[in-house]
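What follows is calculated from the coordinates using simple rules that are stated; it is not laboratory data. Given the structure is predicted, the values throughout are model-derived calculations rather than measurements. Ideal geometry is used to build each Cβ from the backbone, glycine not excepted, and the neighbour counts take in all protein chains shown.
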Amino acid sequence: MRENELIGEIAECLEETLRLQSRVTEVTERAHQTAGISGADRALRGKVTGLFFGLLAHLEQINRLVREET
């Protein structure tokens, strides 16, 4: 696979991760509303962001490595 293809694939993975993060936030907010839990929006978003932080950092590291090696 060429560098541009690899970088494109990694970019797609990053975009998908951000979409998943957004969807997980939506689903968790809905569950909180269903359970009658209120006022957790800020803390909830922080927790979901924390869950995805490691994955995003890892994908960015792979992206840097691909760019450095080519």
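Across region 4-11, computed HN-Hα scalar couplings (Karplus, 6.51 cos²θ - 1.76 cosθ + 1.60, θ = phi - 60°) run 4, 5, 4, 5, x, 4, 5, 4 Hz from first to last residue, x flagging Gly and Pro.
Full extension of the segment from Val24 to Phe53, taken as 0.36 nm per residue of separation minus the current Cα-Cα distance, would add 9.1 nm. Among the trypsin sites (Lys or Arg not before Pro) within the chain, those in coil by DSSP and having at most 16 neighbouring Cβ atoms inside 10 Å are Arg2. Taking label points 7 Å from Cα along the Cα-to-Cβ direction, Arg45 and Glu15 give a separation of 2.4 nm. Using only Cα atoms, tell me the angle between helix 41-69 and the longest principal axis of the chain; keep it within 0 to 90° and round to the nearest 10. Taking the Cα atoms of the chain, the angle to 41-69 is about 0 degrees.
You can think of it this way: the chain between Glu5 and Glu68 has 21.2 nm of extra reach, that is 0.36 nm per residue less the Cα-Cα gap.
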